[in-house]
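K.L.:
Handing you this structure, nothing more for now.
Coordinate-derived values only; no laboratory data. Given the structure is predicted, the values throughout are model-derived calculations rather than measurements. In this analysis, Cβ positions are derived from the backbone assuming ideal geometry, glycine residues included, and neighbour counts consider all displayed protein chains.
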Amino acid sequence: MTNIGSYEERLKNFSWSIAEKELGYSDAKTKNIGWYCSDRICDMGKAEKTALIWEGHDGTEKHYSFNDLRLASNTIGKFLKNLGLKNEDRVCLFMDKIPELYFSFLGVLKIGAIVQPLFSAFGDESLHVRLENAETSVIITQRKHVSKVRRILEKSPYLKHIVIVDYDGKHPLREREIAFNLEETVPVEEFEIFPTKAESPSVLHYTSGTTGQPKGVKHVHYSLISQYLTTQWVLDLCDDDIYWCTADPGWVTGTSYGIIGPWSMGITQCVLDKGFSAENWYQFIEKYNITVWYSAPTAIRSLMKAGEEIVKKSNLSSLRHLASVGEPLNAEAVIWSEKVYGLPFLDTYWQTETGSIMITNFPGMPIRPGSMGKSFPGIVGTVVDTKTYEPIDSPGKIGLIAFKPGWPAMMRSYWNNEETYQSKFKNGWYIPGDRARLDGDGYFWFVGRDDDIINTAGHLVSPFEVESALLEAEQVAESAVVSKPDEINMEVVKAFVTLKPGFEPTPDTELTIMNFIRKKLSPLAMPQEIEFVKTLPKTRSGKIMRRLLHAREWGEDIGDTSTLEGEE
Amino acid sequence: MSEEMKDIILNYVIEEYLEDEDEEISYDTPLISGGIVDSFSMVSLKRFLENKYNISIPDDRATPEAFDSVTKITVLVDGFLK
């Protein structure tokens, strides 16, 4: 028996009030996610239940109860409040997947501030533009990442405090830096949680845009309603489950389903702060008897590549439910996982802006390998015509995925970017920017992005951002960035570059430029290949024809080139 | 196995990938599983080795396991030089 039971029955009788009632939402004195994920679970008599099992890259293992979670988030909340932070101030979390990251997430929410999680592998420029856009006043980080913050400090006037959670006293603290060691701080038993309302802002995640700088996706505390119910019905979590979400909280999956969803249900979850290897992952599942595993297609394809022999060496019999997110899950991966683990990975579709799962293969539902599944109850989803934005009646015809606005976890705006936010709505539909088709039974089938955004290993990379950064490399005269197919990551970044006079198109030049982008933006944005060309294809008006380069990489028809000025 | 090669690779890793100036790594420090070099950055490390030693490492040999320490990388590169 699954939590969702009959999908058809749920559709008939659905209301978001199901989640509100279970969470006691209307009567709650606070509608704060920080409270829901810690204090409320303790109030339900589960204070001593394990909330987090954490393992570091050196094998260090730590266990925390829900009461530990409550105390730690209270303590961080009080510390931040003493710094003078007030509600709706932005606090950036810039850490690896260490326990302080998870506790800080709840602590920031408890004071009514907005939490801005950023991927710790981001380079200087990626970090800077996101902090500046959000006018972030505090960043919580680790010693190993503080050098990046120091390098952007002069041009970050809004940043008042840099909190270092593992300061060891070896070097003096610098301007605006403060040491905060949670384990050496007296736990705060009683803490007055800020009385956030359902529509109070909670989380600000950044996502890449096609033509501009990254956009801050603003969510509110009411997102909990969708995140709680989708965790229950899609991830099928039950009280005695041991859950592992492999996503980093620098991205939305790591917060919606790596913090809020499971902890609001009082579920024990595991975190592995270690680089990927098939052996490590299987050992981790076996060691902690993980039952529900939420991962990503890139990881699944890497596990496929590692082969079946290594699976046979591990005891993975604790697993009972597997789900996947981030990019389309290919049919081969679904079939392979069923063969090797005895369980299929079920695809889930959603994005930073939607805040919670929108389309999925539900537990207990017949799976069509390669399909995204069906809309979550309460979500009105369809495929619309690319020009009229009217729903497409004919099964199999490709259009744009579209959702009727109004579900609880939907973004409320892009930070300081109302125009782009409004552009996402057409004919009364929210358009996520993905193309798909619907079959006759209501299953969605993913086709591709409707823009130039590159989805590499489930992370979105803006070609515009990479091209802009490339132009700052001393060797580069012009650049064009597109995706190229990749067996493991689905897509990777490829750059076409013309060089300034005096620079030679050598392998060392390529490596220098790759490393420049890696440090400036992130390893994800680093071109995995740079092709040096004499000229880039342009229209007669001088615009680089990225479309043509993309078509070449993917072996597609290059289409109309009548406006082409010239190419190599 | 060349000690000189190990030092060259170790110094490159320290210079390019180590963020914490106080962190000390040895020939056997886990690089991939230790979170010092991620799977995307591994591509640039592979490219460095190929350029430096004039070799070509096939993708199926450039695994996280083979790149997980300076010692393991040196063994891998050595195999292509023979």
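K.L.:
Sort A:SER6, A:SER208, B:SER56 so the one with the fewest other Cβ atoms within 10 Å of its own Cβ comes first. Numbers along the way, then the final one.
P.N.:
Numbers: A:SER6 13, A:SER208 23, B:SER56 9.
Listed from fewest to most nearby Cβ atoms, that is B:SER56, A:SER6, A:SER208.
K.L.:
May I pose another question? Inside 10 Å of the C-beta atoms of B:27-38, what's the mean count of C-beta atoms belonging to other chains? Before the final figure, lay out the partial values.
P.N.:
Numbers: counts 0, 0, 1, 6, 1, 6, 9, 5, 11, 3, 2, 7.
Other-chain Cβ atoms within 10 Å of each residue's Cβ, averaged: 4.
K.L.:
Along Cα→Cβ, 7 Å out, is where each label goes; now give me the distance between the ones at A:LYS426 and B:GLU24 in nm to one decimal.
P.N.:
My value for the distance between the label points is 6.0 nm.
K.L.:
Is the stretch A:209-324 rounded, prolate or oblate when judged by the Cα gyration tensor, a ≥ b ≥ c being the square roots of its eigenvalues, rounded requiring a/c under 1.5 and prolate requiring a/b larger than b/c?
P.N.:
It comes out oblate by the Cα gyration axes.
K.L.:
Rounded, prolate or oblate: which fits the stretch A:1-152 when a ≥ b ≥ c are the square roots of the eigenvalues of the alpha-carbon gyration tensor, with rounded for a/c under 1.5 and prolate only if a/b beats b/c?
P.N.:
Cα axes put the stretch A:1-152 in the prolate bin.
K.L.:
Run the quick spin-label model on A:ARG150 and A:ILE488: label points 7 Å from Cα toward the beta carbon, then report their separation in nm to one decimal.
P.N.:
In this crude label model, A:ARG150 to A:ILE488 measures out at 3.3 nm.
K.L.:
Working from the pairwise distances between different alpha carbons, so that the mean of 1/r is found and then inverted, what is the stretch A:454-566's Kirkwood radius in Å?
P.N.:
So the Kirkwood estimate lands at 14.4 Å.
K.L.:
Further, regarding this structure: Averaged over its residues, how many other protein chain Cβ atoms are within 10 Å of peptide B:39-50's Cβ atoms?
P.N.:
6
K.L.:
Okay, moving on. Contour minus end-to-end for A:LEU471 and A:GLU22, with contour as 0.36 nm per residue of separation and end-to-end as the Cα-Cα distance? If you can, show how the numbers build up before the last one.
P.N.:
Details: separation 449, 0.36 × 449 = 161.64 nm, distance 5.33 nm.
Between A:LEU471 and A:GLU22, full extension yields 156.3 nm more.
K.L.:
Ok, one more. Antiparallel DSSP bridges in the protein assembly as shown: what percent, to the nearest 5?
P.N.:
55 percent
K.L.:
Can I ask one more? Which aspartates and glutamates does A:LYS148 reach when only Cα atoms under 15 Å apart count, and residues fewer than 8 places away in its own chain are ignored?
P.N.:
Once the sequence-local aspartates and glutamates are set aside, what remains near A:LYS148 is A:ASP96, A:ASP124, A:GLU125, A:GLU132, A:GLU175, A:GLU177, B:GLU15, B:GLU16, B:GLU19, B:ASP20, B:GLU21, B:ASP22.
K.L.:
Can you put A:LYS29, A:LYS494 in order, fewest other beta carbons within 10 Å first?
P.N.:
Ordered by Cβ neighbours within 10 Å, fewest first: A:LYS29, A:LYS494.
K.L.:
Now a separate question. How large is the convex hull of the C-alpha atoms of chain B per residue, in Å³?
P.N.:
With only Cα atoms used, chain B gives 83 Å³ per residue.
K.L.:
What does the charge count near A:ILE488 come to, summing +1 for each Lys or Arg and -1 for each Asp or Glu among other residues with Cβ under 12 Å from its Cβ? Show your work: numbers first, answer last.
P.N.:
Values: positive: A:ARG301, A:LYS305; negative: A:GLU327, A:ASP486, A:GLU487, A:GLU491, B:ASP59, B:ASP60.
In short, -4.
K.L.:
About the Cα centre, and with charges only on the beta carbon of Lys, Arg (+1) and Asp, Glu (-1), how big is the dipole of the protein assembly as shown? Nearest 20 debye, please.
P.N.:
The dipole of the protein assembly as shown has a size of about 1580 debye.
K.L.:
Let me ask something else about it. Expressed as a fraction of 2.2 N^0.38 Å, the rule-of-thumb size for a compact globular protein of N residues, what is the C-alpha radius of gyration of chain A?
P.N.:
Rg over 2.2 N^0.38 Å, computed on Cα atoms: 0.96.
K.L.:
Oh, and also: When A:HIS459, A:HIS57 are ordered from fewest to most other Cβ atoms inside 10 Å of their Cβ, what list results?
P.N.:
Taking fewest neighbouring Cβ atoms as first place, the list is A:HIS57, A:HIS459.
K.L.:
Pull out a ≥ b ≥ c, the square roots of the eigenvalues of the alpha-carbon gyration tensor of the stretch A:432-487, then state rounded if a/c is under 1.5, prolate if not and a/b is larger than b/c, and oblate in the remaining case.
P.N.:
Details: a/c = 3.98, a/b = 3.23, b/c = 1.23.
Prolate shape, in that a/c is at least 1.5 and a/b is the bigger ratio.
K.L.:
Additional query: What average number of partner chain Cβ atoms lie no more than 10 Å from the Cβ of the residues making up B:16-24?
P.N.:
4
K.L.:
Which entries of A:LYS160/A:LYS520; A:LYS274/A:LYS424; A:LYS144/A:LYS218; A:LYS287/A:LYS404 have Cα-Cα distances beyond 32 Å here?
P.N.:
A:LYS274/A:LYS424; A:LYS287/A:LYS404
K.L.:
At a Förster radius of 45 Å, what calculated FRET efficiency corresponds to the Cβ-Cβ distance of A:ASN315 and A:ASP43, to the nearest 0.05?
P.N.:
The value I calculate is 0.75.
K.L.:
Per DSSP H run of n ≥ 4, the term is -39500 (n - 2.57); total these for the protein assembly as shown, divide by its residue number, and report the mean residue ellipticity at 222 nm rounded to 500 deg cm²/dmol.
P.N.:
-8500 deg cm²/dmol
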